[in-house]
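Can you keep this structure in mind? I'll have questions shortly.
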Amino acid sequence: MSGIHPKSFNAGPRQSIGYSDTLEVYISKIVESLAYSEYKISKRALALLLLQEDAEILETVKTKDAQNFPLIEHIIQEAKKHYSQPLNYIINLRRQEEATLIAQRVMTYVKNPIISLQERLSRIMMNPLTGAPILLFVLYYGLYKFVGTFGAGTLVDFLEDKVFISYVNPWVTNLVNSAIPFKVLQDLLVGEYGIITLGVRYAFAIILPIVATFFFAFAIVEDTGYLPRLAMLVDQLFKRIGLSGRAVIPLVLGFGCDTMATMVTRTLPTKRERIIATLLLALAIPCSAQMGVIFALLEGNPLGLVVWLGVIIFVFLIVGFLAAKIMPGELPTFYMEIPPLRFPQLSNVLRKTWTRLSWYFKEILPLFIFASLLIWIGQITGLFTILVRILEHPIRALGLPDQAAVAFLFGFFRRDYGAAGLYDLKKVGLLSGNQMVVSCITLTLFLPCIAQLLMNVKERGIKMGIAMSVFILFFSFSIGYLVNFILISLNISL
């Protein structure tokens, strides 16, 4: 750690921060256009706030300088056209540079030979050579072993087999069949795709233990201060795909819930970064429940897990790289305060886990019930059968059984709903090792769920949201087909 000592410093005359020749021209034009003389701040400060489109200042100037306001608006729009990044980002970056220069003039940094163990560990986590193994350790024990093996294995098996299949489903089915004489309503509640026997079972027996273990593990990692160090670790890699280390926050949150993570992309400074992050979240980031079920599907098949993970990482990097090449814009810059490392506090971990779990489950249970209702309506009208038959054609091209079409249709309602459908197919022995890997890869890359699709449209606009979904639909099946073709051609059995 470095010691910091103030220099003797005599303040000279106040100077304005220079931004750039182009921006200074627009600042001057706005200052000249401000006719009202009773503003409480300088006209230069006012011009900078106008360029950043501060809502309160815009309204004030619109009132005080009504005659010149259209001209001022025109100047602001002209200034925006000269930069690929938002003007508030350009202005704040220049201020950051000026603050650094001032600090260099008034502070002396003296190296301290004594480096604490905490600081050494922090540096190790951010060094690519040592940070990468630590990240793999966290992913293996935090996600695969704890969430995948314990959550999606031990807990799901207990709730699924011992509680629901052995007791809850038979008892509810007998109760509903004896109380309700109408077959149509019986199918709605306890049929093959019934609200209770399928929707509630998926929510409580499969999804609940997976998201609970994930949120617990994530809260521990978060409370230690590891996430900012992870952001610094991946910053250089992310810049190759048009992002900065800051994007690690929404992308990591995507492992909890992609819908929530898409909303968090608002924190990224440029439109280019927000679009790339949204695309990658929709395509290659499985939510905790889906990922946990996939771990359960590939349990006992380490080679299959490596193939699945390798393909998903490859797709993440290559799509991000191509998107960064296609979309214009400058390389993002990245500043982040690094908090001290600490041991996680159990009270914080439990509070965060409970809060997130409550929010997630309040969202997921109604959606699972709604999905079961839509499927029931689809069965009555025949629409569900038509959609399944349409999906059977690309499903067969992937080398999967026709029954997998139902799981993929479930995946459009919720990705984890679809993964749970594949879990049922595995339990009855309908998926071989290769088929499980191909289906897991394709479903991971498959269409975002309805909630995430709506969030994409809300955040990125209807054209961009639909364009992303169409691209993802065809891309996911193409990758699945390619993986299946390679496995067959090389005679690989997973």
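Being surrounded by 21 or more Cβ atoms within 10 Å (Cβ to Cβ) and closer than 17 Å to residue 292 by Cα is the filter here; which residues of region 426-447 pass it?
Selection gives 436, 437, 438, 439, 440, 441, 442, 443, 444, 445, 446.
Test of understanding: among 285, 364, 338, which residue is among the β-branched types (Val, Ile, Thr), within 30 Å of residue 206 (Cα to Cα) and either loosely packed, with under 13 Cβ neighbours inside 10 Å or in contact (Cβ under 8 Å) with a residue 60 or more places away in the chain (or both)?
So the residue among 285, 364, 338 that is among the β-branched types (Val, Ile, Thr), within 30 Å of residue 206 (Cα to Cα) and either loosely packed, with under 13 Cβ neighbours inside 10 Å or in contact (Cβ under 8 Å) with a residue 60 or more places away in the chain (or both) is 364.
If you go through region 226-267, how many residues are within 16 Å of residue 139 (Cα to Cα) and of a type in the set (Gly, Ala, Ser)?
Of the residues in region 226-267, 3 are within 16 Å of residue 139 (Cα to Cα) and of a type in the set (Gly, Ala, Ser).
Residues are listed down the side, and each one gets a yes or a no for (1) surrounded by 15 or more Cβ atoms within 10 Å (Cβ to Cβ); (2) closer than 13 Å to residue 193 by Cβ; (3) under 30 Å from the mean Cα position of the chain (by Cα):
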{"position": "377", "(1), (2), (3)": "no, yes, no"}
{"position": "382", "(1), (2), (3)": "no, no, no"}
{"position": "389", "(1), (2), (3)": "no, no, no"}
{"position": "395", "(1), (2), (3)": "yes, no, yes"}
{"position": "400", "(1), (2), (3)": "yes, no, yes"}
{"position": "405", "(1), (2), (3)": "yes, no, yes"}
{"position": "410", "(1), (2), (3)": "yes, yes, yes"}
{"position": "414", "(1), (2), (3)": "yes, no, yes"}
{"position": "419", "(1), (2), (3)": "yes, no, yes"}
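Output the helices (runs of 4 or more DSSP H) that fall wholly within region 317-428 and possess 3 or more residues being touching a strand residue (DSSP E or B) at 6+ places or on another chain (Cβ under 6 Å) and not assigned by TED's automatic domain parsing to the domain that holds residue 277, or say none.
Qualifying helices (runs of 4 or more DSSP H): none found.
Quick check: anything in region 251-264 of a type in the set (Phe, Trp, Tyr) and under 13 Å from the mean Cα position of the chain (by Cα)?
yes
So if I check each of 108, 149, which one is touching a residue at least 24 places away in the same chain (Cβ under 8 Å) and either in a loop (DSSP other than H, G, I, E, B) or in contact with a strand residue (DSSP E or B) (Cβ under 7 Å, 6 or more places away or on another chain) (or both)? Quick ask: steps written out before the conclusion?
On the way: 149 fails: either in a loop (DSSP other than H, G, I, E, B) or in contact with a strand residue (DSSP E or B) (Cβ under 7 Å, 6 or more places away or on another chain) (or both).
Of 108, 149, the one residue that is touching a residue at least 24 places away in the same chain (Cβ under 8 Å) and either in a loop (DSSP other than H, G, I, E, B) or in contact with a strand residue (DSSP E or B) (Cβ under 7 Å, 6 or more places away or on another chain) (or both) is 108.
Pick out the one residue from 29, 62 that is charged (D, E, K, R), modelled with pLDDT of 85 or more, more than 30 Å from residue 108 (Cβ to Cβ) and buried (at least 16 other Cβ atoms within 10 Å of the Cβ).
Exactly one of 29, 62 is charged (D, E, K, R), modelled with pLDDT of 85 or more, more than 30 Å from residue 108 (Cβ to Cβ) and buried (at least 16 other Cβ atoms within 10 Å of the Cβ), namely 29.
The values are calculated or read from the model by the stated rules, or taken from the named source; none is laboratory data. Since the structure is predicted, the reported quantities are computational estimates derived from the model, not experimental observations. Please note: Cβ atoms are built from the backbone with ideal geometry, for glycine as well, and neighbour counts cover all protein chains shown.
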